[in-house]
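Structure, as structure tokens:
The values are calculated or read from the model by the stated rules, or taken from the named source; none is laboratory data. Owing to the predicted nature of the structure, the values given are computational and were not obtained by experimental measurement. Note that each Cβ is placed from the backbone with ideal geometry, even for glycine, and that neighbours are counted across all protein chains shown.
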Ligand SMILES: *[C@@H]1O[C@H](CO)[C@@H](O)[C@H](O)[C@H]1NC(C)=O
Ligand SMILES: *[C@@H]1O[C@H](CO)[C@@H](O)[C@H](O)[C@H]1NC(C)=O
Ligand SMILES: *[C@@H]1O[C@H](CO)[C@@H](O)[C@H](O)[C@H]1NC(C)=O
Ligand SMILES: *[C@@H]1O[C@H](CO)[C@@H](O)[C@H](O)[C@H]1NC(C)=O
Ligand SMILES: *[C@@H]1O[C@H](CO)[C@@H](O)[C@H](O)[C@H]1NC(C)=O
Ligand SMILES: *[C@@H]1O[C@H](CO)[C@@H](O)[C@H](O)[C@H]1NC(C)=O
Ligand SMILES: *[C@@H]1O[C@H](CO)[C@@H](O)[C@H](O)[C@H]1NC(C)=O
Ligand SMILES: *[C@@H]1O[C@H](CO)[C@@H](O)[C@H](O)[C@H]1NC(C)=O
Ligand SMILES: *[C@@H]1O[C@H](CO)[C@@H](O)[C@H](O)[C@H]1NC(C)=O
Ligand SMILES: *[C@@H]1O[C@H](CO)[C@@H](O)[C@H](O)[C@H]1NC(C)=O
């Protein structure tokens, strides 16, 4: 079972991300890697900030519980890549794997020179997750994979966390440590194949069970994909990423690819600035921002308005009552036909009352 491996993920992801510049290639100069420089948790149930995350292949479908990475048609795949890098750190992903032979769900850290730290779910086994790592894209042996039991990995979110510093790599499932790899041990060729350069977060649901893959990869994936079973859906509810360095960006000094050769350029991380950017404010937030003094002012204004309105109304009512009494007094023993002069007086009084009321309204409104 440990036999085959792993050109698959590298092949597939490198294929999808072919534009990357390898800093160990002496004939090229690559741009600096923008640092995350902080820690942040992204909830995947609303649209991700495209300045921080790049959906390079396929599209995300958001639901209240997270983002679905869906394979809907033959050979389709999905790939989300962070625009930021971490230089040692923690990645915590809450994931439901996609089920189906030949389908691979993966959450990895990968650097420009192809160091890699992986979580991979192979779609035919929904009771397992695999851990793996690579140094400088070295796939000459396939003996680094770890296999870890997880219950209902396709229907329940679990917490898959990778911890990565210069001394060791750890894989945690639901807060339980399931694997450790030290910087210097046989499996890392005593550090040479230890992941140690700034990495991006890459999240993908993709098919390995297709004829163009090697027989070994297809077997690893559990055979060819049955395309009548689409869609194949992987769901991510949230991702926490912590960068162990702070600064603006990471630069390779030379082509050794060792962590000692990585220069941490000081300054402000643009990713951090983007994260801390103020979101558009709601009316309630704007109200809260006004402060107590302003609130009292507005309440007083409203109270004044109410008081003047009530005063106007009372004035009007009193006038009406007095007018009513006068009319009754004058009307005793008189014919019912209205007196024209009385009507004039009445209208005039009514207009005055009306004016008094409206003046109150306008005074507050101004
Ligand atoms: C190095 O970069 C050059 C120019 O971009 C490219 O042609 C070559 O294939 C690269 N070599 C490797 C080993 O990546
Ligand atoms: C996203 O998930 C969080 C935490 O579960 C929840 O508080 C929030 O309301 C959700 N947002 C949406 C848009 O569903
Ligand atoms: C690749 O890894 C193998 C062991 O996994 C090791 O023997 C070999 O030296 C490595 N190659 C390079 C170029 O590091
Ligand atoms: C699925 O993974 C579990 C845990 O690693 C393992 O015990 C089981 O044999 C696997 N099932 C298949 C069909 O490979
Ligand atoms: C996920 O697991 C990591 C490692 O154990 C832990 O630090 C983190 O608090 C866990 N997250 C949640 C939400 O429980
Ligand atoms: C890793 O290092 C720890 C001590 O830091 C040691 O206890 C453990 O045996 C080492 N593991 C391997 C596989 O070398
Ligand atoms: C999918 O890829 C395979 C090669 O792996 C190819 O033979 C097949 O025609 C492709 N199908 C579609 C619909 O593109
Ligand atoms: C593919 O899936 C369909 C529907 O689930 C099923 O009827 C068919 O037998 C499967 N084909 C193979 C080759 O397993
Ligand atoms: C790059 O490395 C060389 C030799 O290791 C060192 O002298 C130089 O100061 C480094 N440059 C930077 C910008 O760190
Ligand atoms: C970095 O941010 C701080 C605080 O926001 C600011 O005072 C400083 O000028 C910024 N530095 C640069 C180089 O932009």
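Summary table below
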{"read-out": "Scan of segment 228-255 for residues that are under 23 Å from residue 159 (Cα atoms) and in a strand (DSSP E or B), ordered by number", "value": "232, 233, 234, 235, 236, 237, 238, 239, 240, 241, 242, 243"}
{"read-out": "Residue pairs meeting the criteria (Cβ under 6 Å; at least 6 apart or on separate chains; first without any contact (Cβ under 8 Å) to a residue 12 or more places away in the chain, in segment 160-180; second more than 9 Å from ligand 5 (Cβ to nearest atom) and in a strand (DSSP E or B))", "value": "170/180"}
{"read-out": "Residue under evaluation residue 193, criteria (1) assigned to a loop (DSSP other than H, G, I, E, B); (2) within 16 Å of ligand 4 (Cβ to nearest atom), criterion not met", "value": "(2)"}
{"read-out": "Members of segment 22-39 that are touching a residue at least 12 places away in the same chain (Cβ under 8 Å), within 16 Å of ligand 9 (Cβ to nearest atom) and surrounded by fewer than 17 Cβ atoms within 10 Å (Cβ to Cβ)", "value": "26, 30, 32"}
{"read-out": "Some residue of segment 193-213 being surrounded by fewer than 19 Cβ atoms within 10 Å (Cβ to Cβ), in the same structural domain as residue 82 (by TED's automatic domain parsing), away from ligand 5 (no atom under 16 Å from the Cβ) and over 20 Å from residue 71 (Cα atoms)", "value": "no"}
{"read-out": "Per-region count, segment 95-115, residues closer than 22 Å to residue 238 by Cβ and surrounded by fewer than 23 Cβ atoms within 10 Å (Cβ to Cβ)", "value": "1"}
{"read-out": "Any pair with Cβ under 7 angstrom, 6 or more apart, that starts in segment 64-91 at a residue that is touching a residue at least 24 places away in the same chain (Cβ under 8 Å) and closer than 28 Å to residue 257 by Cβ and ends at one that is within 16 Å of ligand 6 (Cβ to nearest atom) and part of a strand (DSSP E or B)", "value": "88/164; 89/164; 90/163"}
{"read-out": "Condition check for residue 181: away from ligand 1 (no atom under 16 Å from the Cβ), over 29 Å from residue 89 (Cα atoms) and buried (at least 16 other Cβ atoms within 10 Å of the Cβ)", "value": "no"}
{"read-out": "Meets criteria (assigned to a loop (DSSP other than H, G, I, E, B) and more than 16 Å from ligand 9 (Cβ to nearest atom)) for residue 179", "value": "no"}
{"read-out": "Filter result for the condition that a residue is surrounded by fewer than 24 Cβ atoms within 10 Å (Cβ to Cβ) and in a strand (DSSP E or B), over 132, 118", "value": "132"}
{"read-out": "First in segment 131-158 and closer than 20 Å to residue 232 by Cβ, second anywhere and assigned to a loop (DSSP other than H, G, I, E, B), Cβ under 6 Å, 6 or more apart", "value": "153/97; 153/126; 154/97; 154/99; 154/126; 158/150; 158/174"}
{"read-out": "Filter pass, residue 108 being over 27 Å from residue 165 (Cβ atoms), in contact (Cβ under 8 Å) with a residue 24 or more places away in the chain and in the same structural domain as residue 168 (by TED's automatic domain parsing)", "value": "no"}
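Residue-by-condition table, conditions (1) more than 16 Å from ligand 2 (Cβ to nearest atom); (2) over 18 Å from residue 205 (Cβ atoms); (3) in the same structural domain as residue 199 (by TED's automatic domain parsing):
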| residue | (1), (2), (3) |
| --- | --- |
| 129 | yes, no, yes |
| 133 | yes, yes, yes |
| 140 | yes, yes, yes |
| 146 | yes, yes, yes |
| 159 | no, yes, yes |
| 164 | yes, yes, yes |
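For every residue, the table says whether it meets (1) in contact with a helix residue (DSSP H, G or I) (Cβ under 8 Å, 6 or more places away or on another chain); (2) assigned to a strand (DSSP E or B).
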{"position": "65", "(1), (2)": "no, no"}
{"position": "68", "(1), (2)": "no, yes"}
{"position": "94", "(1), (2)": "no, yes"}
{"position": "101", "(1), (2)": "no, no"}
{"position": "104", "(1), (2)": "yes, yes"}
